[in-house]
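Colleague: I am attaching a structure below and will ask some questions about it afterwards.
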Amino acid sequence: MVLRSKFSPVILLLFVFSCGSASNGDTDETRLDSTAQLMENVFGAHGDFGNYSFIFRGNNYTFSITDSTYVYGKLEQTDSLILEDVLTNSGFQRNENGVALNLNKADIDRYSEALNSVIYFTCLPLNLNDPAVNREIKPQVSINNRMYDVVEVTFDEEGGGKDHDDVFYYWFNKETHIMDFMAYSYKVNGGGVRFREAFNSRMIDGMRFQDYVNYSAPVGTPLDSLPILFEQHKLEELSLIIAEEVESF
């Protein structure tokens with residue numbers, strides 16, 4: 001999947017939304033207006049970027065995001081080893097016990113993607129907009145008796161990253177504009193389909209953080225069918241995705 005930050009030509013994944021499905025009579029201007037309004041509502045519900053630290057699966061992560069720069073960090077520590085990863089607009093660096101390592105491109109790409117992936121999903125849906133994104137507003141749906149605005153996102157090959165053929169779905173609560181569910185399909189390593197249910201939604205110093213129950217569905221399952229399968233308890237629960245000890249700095 002493409003996992004990018006708002007502020008890097010290499011690490012960027014921003015999506016723009018519309019309030020509902022467009023009729024055949026809608027003009028481009030009308031769709032743009034509704035997209036801008038929904039985006040404004042979503043960002044209003046989720047706050048804004050800042051400087052934060054949190055614990056994920058035993059490791060310490062940090063991110064600092066402004067209008068033009070970003071710094072992502074990961075600290076992994078054992079009794080004898082301290083690994084520190086730093087990803088910025090300028091590139092990636094790994095330090096081992098305080099000493100910078102000389103990494104090959106494959107390792108840089110692998111470690112960068114792993115770090116960016118954690119930060120990207122943690123910051124959703126604030127990181128949503130990009131020229132490489134193709135968005136399509138889907139009909140509103142009901143999940144657990146609540147109405148949702150639905151957006152499908154695909155990517156151009158140019159500018160969409162190596163995983164440009166990934167597909168994402170987002171379900172925004174029509175009343176609160178909060179992202180209660182998301183899903184994506186990917187083709188690497190044999191492919192897969194994931195569906196995430198948000199819980200423990202909380203505002204921390206101006207930014208909303210959410211944890212997720214991570215579900216799996218058989219490869220090839222249409223993303224728009226996942227809410228029904230979820231309501232019917234037919235998705236396999238894989239894991240919990242929890243950001244602990246979130247603090248601003």
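Colleague: Which of the strands (runs of 3 or more DSSP E) contained wholly in segment 68-155 include at least 3 residues that are buried (at least 16 other Cβ atoms within 10 Å of the Cβ) and modelled with pLDDT under 90? Talk me through it step by step, then tell me what you get.
Modeller: On the way: elements: 70-77, 82-88, 91-96, 133-143, 146-155.
Answer list for segment 68-155: 133-143, 146-155.
Colleague: Still on this structure, I have one more. Can you spot a residue in segment 234-249 that is aromatic (F, W, Y), in a loop (DSSP other than H, G, I, E, B), touching a strand residue (DSSP E or B) at 6+ places or on another chain (Cβ under 8 Å) and touching a residue at least 12 places away in the same chain (Cβ under 8 Å)? Break it down into steps so the answer makes sense when it comes.
Modeller: We begin by selecting, within segment 234-249, every residue aromatic (F, W, Y); these are 249.
Within this subset, residues satisfying the condition of being in a loop (DSSP other than H, G, I, E, B) are 249.
Of the ones still in play, those that are also touching a strand residue (DSSP E or B) at 6+ places or on another chain (Cβ under 8 Å) are 249.
The next check asks that each one be touching a residue at least 12 places away in the same chain (Cβ under 8 Å); those that pass are 249.
Checked against the condition, which is being aromatic (F, W, Y), in a loop (DSSP other than H, G, I, E, B), touching a strand residue (DSSP E or B) at 6+ places or on another chain (Cβ under 8 Å) and touching a residue at least 12 places away in the same chain (Cβ under 8 Å), segment 234-249 yields at least one hit.
Colleague: Output the number of residues of segment 67-81 satisfying the condition of being of a type in the set (S, T, Y) and either within 23 Å of Y212 (Cβ to Cβ) or touching a residue at least 24 places away in the same chain (Cβ under 8 Å) (or both).
Modeller: The initial filter retains those residues of segment 67-81 that are of a type in the set (S, T, Y), namely 68-70, 72, 78, 80.
From what is left, the residues that are either within 23 Å of Y212 (Cβ to Cβ) or touching a residue at least 24 places away in the same chain (Cβ under 8 Å) (or both) are 68-70, 72.
Selection size over segment 67-81: 4.
Colleague: Right, another one. Please specify each residue of segment 186-213 satisfying the condition of being part of a strand (DSSP E or B) and closer than 17 Å to V167 by Cβ. Working first, answer last.
Modeller: First, pick out the residues of segment 186-213 that are part of a strand (DSSP E or B): 186, 192-204, 207-213.
Selection gives Y186, G192, V193, R194, F195, R196.
Colleague: Going by the conditions given, is V219 assigned to a loop (DSSP other than H, G, I, E, B), touching a strand residue (DSSP E or B) at 6+ places or on another chain (Cβ under 8 Å) and free of Cβ contacts under 8 Å to residues at least 60 places away in the same chain? Spell out the reasoning first.
Modeller: Numbers: assigned to a loop (DSSP other than H, G, I, E, B): yes; touching a strand residue (DSSP E or B) at 6+ places or on another chain (Cβ under 8 Å): yes; free of Cβ contacts under 8 Å to residues at least 60 places away in the same chain: yes.
The answer is yes for V219.
Colleague: Output the number of the condition that A183 fails; it satisfies all remaining conditions of (1) assigned to a strand (DSSP E or B); (2) over 22 Å from V42 (Cα atoms).
Modeller: So the condition that A183 fails would be (2).
Colleague: Filter segment 198-229 for residues that are hydrophobic (A, V, I, L, M, F, W, C), surrounded by 15 or more Cβ atoms within 10 Å (Cβ to Cβ) and farther than 30 Å from D48 by Cα and give the result. Spell out the reasoning first.
Modeller: Going through segment 198-229, the residues hydrophobic (A, V, I, L, M, F, W, C) turn out to be 198-199, 203-204, 207, 209, 213, 217, 219, 223, 226, 228-229.
Next, only the ones that are surrounded by 15 or more Cβ atoms within 10 Å (Cβ to Cβ) stay: 198, 204, 207, 209, 213, 217, 223, 226, 229.
A217, L229, listed by residue number.
Colleague: Among the residues that make up segment 200-220, is at least one of them small (G, A, S) and touching a Leu at 6+ places or on another chain (Cβ under 9 Å)? Reasoning before the result, please.
Modeller: To start, the set of residues in segment 200-220 that are small (G, A, S) comprises 201, 206, 216-217, 220.
This time we only want the ones that are touching a Leu at 6+ places or on another chain (Cβ under 9 Å), so: 216-217.
Among the residues of segment 200-220, at least one is small (G, A, S) and touching a Leu at 6+ places or on another chain (Cβ under 9 Å), which makes the answer yes.
Colleague: Need pairs with beta-carbon distance below 6 Å; first residue touching a residue at least 24 places away in the same chain (Cβ under 8 Å) and within segment 92-118, second surrounded by 13 or more Cβ atoms within 10 Å (Cβ to Cβ) and part of a loop (DSSP other than H, G, I, E, B); sequence gap 6+ or separate chains.
Modeller: N116/L3; N116/I11; S117/L3
Colleague: Do you know which residues across segment 55-67 are crowded, with 17+ Cβ neighbours inside 10 Å and more than 22 Å from G91 (Cα to Cα)? Give the steps one after another, and end with the answer.
Modeller: From segment 55-67, those crowded, with 17+ Cβ neighbours inside 10 Å are 56, 61-63, 65; that's our starting set.
Result: F56, single match.
The values are calculated or read from the model by the stated rules, or taken from the named source; none is laboratory data. What you see is a predicted model; the values in this text were computed from it and never measured. In this analysis, Cβ positions are derived from the backbone assuming ideal geometry, glycine residues included, and neighbour counts consider all displayed protein chains.
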